[in-house]
1. State the three equivalent ellipsoid semi-axes of the chain, derived from the C-alpha gyration tensor as the square roots of 5 times its eigenvalues, in descending order and whole Å.
2. I'd like the antiparallel share, as a percent to the nearest 5, of DSSP beta bridges with both residues in region 5-189.
3. Please go through the residue pairs K330/K403; K8/K403; K320/K394; K198/K320; K24/K394 and name each one whose alpha carbons sit more than 20 Å apart in this structure.
4. Using the alpha-carbon atoms, what tilt in degrees (0 to 90, nearest 10) does helix 342-352 show relative to the longest principal axis of the chain?
5. Calculate the length of the line joining the C-alpha centroid of region 90-124 to that of region 236-310, in whole Å.
6. Net charge within 13 Å of A165 by Cβ-Cβ distance, Lys/Arg positive one each and Asp/Glu negative one each, not counting A165 itself?
7. Helix 22-34: angle to the longest alpha-carbon principal axis of the chain, degrees 0 to 90, nearest 10?
8. Run through the DSSP bridge list for the chain and note the antiparallel percent, rounded to the nearest 5.
Amino acid sequence: MAEIALLKDRRIILAVCGSIAVYKAVDLASKLTQAGAQVDVIMTEAAQRFVHPLTFQAVSGRPVYSDMWRAEIGGGLPSHIAHIGLAEGADLLMVAPATANTLAKLAHGFADDLLSVTVLAAGCPLLVAPAMDGGMIEHRAVQDNLDMLRQRGAHLIEPETGRLASGLTGGGRLPETPTLIGHIRRILGLGGELSGHKLVVTAGGTREALDPVRYLSNRSTGKQGFAIAQAAIDAGADVVLISSAEVLPPLVGATLVDVDSAQSMLEAVLAQVADASALIMAAAVADYRPRSVSQQKIKKADEWLNLPLERNPDILMAVKAQREKTGYPKIVVGFAAESENLLENASGKLQAKRLDLLVANDISASDAGFAVDTNRVVVLDMDGGMHTIDLTSKAAIGDTIIKRVGGLLA
Ligand code: C5P
């Protein structure tokens, strides 16, 4: 797990209750620590029957807290009183898994163990991920407690439906680590540099149908677009992700609009940018599409098959026309994937499409561009500025692009 800029040195209290799902919380504590967060784990007594505190201590590299009555607490916390020391200066308190018993305590303000007193003492956002078996989550008592917490401003993570530890199928599963981290990022991002701004990001290679089973596409996977959308969520933006990417997991905190062809992407983009602060056009849009789509599967016949292609609309040109009329989106960022004459071609596009920024990508290298997790780009701006970002993760490039967009909007 790579470092996540938003999580670096943030103090997260992970409070775990007695549910079999506590094994997933071990992975969460480990991944958060690897991402750069300082994770302090509180365990209820029941949680310790499922997993030994030593396990959490080993993955977080920090003391684990469970006893309300112990005087010395260690870990360099701001106070020697355990629940005060834990709560003070924490950025987030997450209860995962949250059992029906702990939910009831939190809803009613009980304070009879370290977890419940710390929740009362903490002024930071509270994120609660319930997990329980056998339909308990549907019980009116549990739902009422969840409502009460929600009304009081707690953030809740919807449990997933699937196989439960009992062998039953139903709602109540704790989501997997990437989803949990997605929720943490969304909440830590609230109030960030881009809060109040709607950002539209496109991702993936478009698919241009030939017949009912075939299409023309390209090698774009959508990874860079998704990384930009995640960076925008981290900065507190309202993110709409218009994507033709097929295999990437959904991003927590983004509104996903699924598209396939350039035409469908064009329609979605023009509708979404009408009230957007910025458009970041990271998608690899096909320049051509088959002139006609065969209603039946094209049969194998002659040695040669002629496939007439026609030009697709240029989405950024259409955005340019709309922006000239309405002023929206305020900022437009384009991409240029080039296999030769990178800078000349890129600055030509910046001018022709009237972009605020253009991210130029040399796709001739194997460690940058399509499909891989790393990239190497040059960011050009309207004033002739050129900023080279050497080989780094697509996540880091996403953070840099979002910072530049934030600067332009400020
Ligand atoms: O001209 P070129 O296709 O190389 O420009 C790349 C930029 O234009 C990218 O930001 C891409 O998303 C966008 N594009 C577009 N509509 C097209 C083709 C590309 O908006 N039909």
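A short reminder: the numbers here are calculations on the coordinates, not readings from a lab. What you are looking at is a predicted structure, and each value in this text was computed from that prediction instead of being measured. Note that each Cβ is placed from the backbone with ideal geometry, even for glycine, and that neighbours are counted across all protein chains shown.
1. Working: eigenvalues 418, 122, 72 Å².
Whole-Å semi-axes of the equivalent ellipsoid: 46, 25, 19.
2. Details: 4 of 22 bridges.
Close to 20 percent.
3. Numbers: K330/K403 15 Å; K8/K403 17 Å; K320/K394 27 Å; K198/K320 18 Å; K24/K394 27 Å.
The pairs that break the limit, which is 20 Å between Cα atoms, are K320/K394; K24/K394.
4. With rounding to tens, the tilt is 80 degrees.
5. 45 Å
6. Values: positive: K24, R163, R173; negative: D133.
So the environment of A165 carries a net charge of +2.
7. Approximately 60 degrees, to the nearest ten.
8. Numbers: 20 of 64 bridges.
Of the beta bridges lying entirely in the chain, close to 30 percent run antiparallel.
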